[in-house]
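Have a look at the structure below, then the notes.
The values are calculated or read from the model by the stated rules, or taken from the named source; none is laboratory data. All values reported here derive from a predicted model rather than from experimental measurement. All Cβ positions, even for glycine, are placed from backbone atoms using ideal geometry, and neighbour counts span all protein chains on display. When the accessible area is computed, the model is the full protein with side chains, heavy atoms only, and any ligands, DNA or RNA have been set aside. Shrake-Rupley method; radii C 1.70, N 1.55, O 1.52, S 1.80 Å.
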Amino acid sequence: MSDSARLKWLLSESDVRAGVEAEALPLLSVSISWGVRRREAAGTTTRAAAEDLSNYKVCRAGDLVINRMRAFQGALGIAPEDGIVSPDYAVLEVDPSIDSRWLNYFLTSGSTVATMASLVRGIGGTEAGNVRTPRLNIADLLSIAAPLTSTEEQRVIADYLDRETARIDTLIEEQRRLIEMLSDRRVATVAEALDGYERTQVRRLVDHDRPMTYGILQCGEPVDGGVVYIGPSDIQGEGVSPDRNALRTTAPEIASAYKRSVLKGGDVVVSIGPAYGKVAVVSDDLAGANLTQDTVRVALRPDLVDTRFFVWALLSRQTAEYWDYQIMGATFRRLNLGTLARTPIPLPAIHEQRRIAAYLDEQTAKIDTLIAESERFIELSRERRSALITAVVTGQIDAREAA
């Protein structure tokens, strides 16, 4: 590697506001995962008809665009086309002698991202993720030293990394498609196992001595070990076999608890708030725990329904579609006791329920294992991609020899 130069000699900040051009130019966004692209292509909300974007910044194809609040995580990239970006982003023109692809690789390499993280200004530390309004000042960015390589060498490095990262990205995309296929198979497996049986409403399966109830909010006497409560965030939801410990507990050291404990081992809890539809079984060690306001307890009649089968029925595609239909058009998308009570679920004979639950436990566990393997492959591939970029741009790997 040759000498280094500060980025201030390679980049110059641009602060041109869109004005009347706002209507003609596409709205671009910046992501850690994909760099810079059109906002609608990123799956985010497009501009509203009445939204005034005249104060947004103009960027030109080849400009460097940086999300200053997430730059230390790699949220930056080269604009593929002319467009407008958030006024809080930084837009920098790249010196014509610099290969913008090489610059993008250098700035997203692990070593440079780590340097940017050390320069972020805010309260707290980036390593703990608790910086308040973290922001990378452009003056600090421009102080970073970059390898002073020739245009030809930059092109060789960029060409090599384009090829190698494309191969890794292809493998990652194949694994993502596999995960989608496996997830679809999982949903279909549950749906098929529950299909063809006469249905009944949830309310007919509830223990009459312990009716369904929302969480209790009033403070009361503390329980042993502090406050133990269960809410929607403690329910792992779909993707966790119902016979596993699907709940987490927390015991904040505060001198109050909910008014009374409502849970027993074997009870089913259902989230009904914005993240409605997550379901889990209360394990025996959580008996006596409290329930928060966005969850409902369902105590079942064991002579009528198997608990594991019941959970599978609530996690099925049929139930999800029923719930979505029932709350369609609602301002606040959440379940209520009435909707949950009226939910139809299949009800074969109890021995058949147990057979189906065991079958689904086994089949979904196999699928979950394959999904976990694919997710691990993606994680390792991303790590390899990042390590490769860092090694090449820092000269640990010679792109000419490796090509």
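Between the alpha-carbon centers of the stretch 74-109 and the stretch 132-178, tell me the distance in whole angstrom. Distance between centres, Cα-based: 11 Å. Of the listed residues Ile327, Ile78, the order by accessible area with a 1.4 Å probe, largest first, is Ile78, Ile327.
Take Arg355: with every protein chain present and a 1.4 Å probe, its accessible area is about 120 Å². Full extension of the chain segment joining Arg355 with Ser150 gains 66.9 nm, where the gain is 0.36 nm per residue of separation less the Cα-Cα distance. The accessible-area ordering, largest first, of the residues Leu136, Leu380, Leu347 stands as Leu380, Leu347, Leu136, per a 1.4 angstrom probe. Spacing of the modelled spin labels on Arg333 and Ser233, each 7 Å from Cα toward Cβ, amounts to 2.1 nm. Ligands, DNA and RNA aside, Val269 has an accessible area near 0 Å² when probed at 1.4 Å. The modelled label-to-label distance for the pair Asp140/Ala320, using points 7 Å beyond Cα in the direction of Cβ, is 4.2 nm.
Using the Cβ-Cβ distance between Asp88 and Ala387 with R0 set to 30 Å, the FRET efficiency from 1/(1 + (r/R0)^6) comes to roughly 0.45. Straight-line cross-link partners of Lys57 among the aspartates and glutamates, defined as a Cα under 15 Å from its Cα and at least 8 positions apart when in the same chain: Glu13, Asp15, Glu21, Glu23, Glu81, Asp82, Asp88, Glu93. Of all lysines in the structure, the ones whose alpha carbon falls short of 23 Å from that of Lys264, not counting any fewer than 8 places away in one chain, are Lys278.
Note on Asp95 and Ala365: the model spin-label points, each 7 Å out from Cα along the C-beta direction, lie 6.2 nm apart. In whole percent, and with a 1.4 Å probe on the protein chains, what portion of the accessible area of the stretch 312-403 is carbon and sulfur? Solvent-exposed carbon and sulfur of the stretch 312-403 make up 53 percent of the total. Accessible area per residue was computed with a 1.4 Å probe on protein heavy atoms; His351 scores about 120 Å². Length gained on full extension, Arg17 to Ile168: 50.6 nm, using 0.36 nm per residue less the C-alpha separation.
Annotation for the stretch 192-212 versus the stretch 387-403: alpha-carbon center distance of 61 Å.
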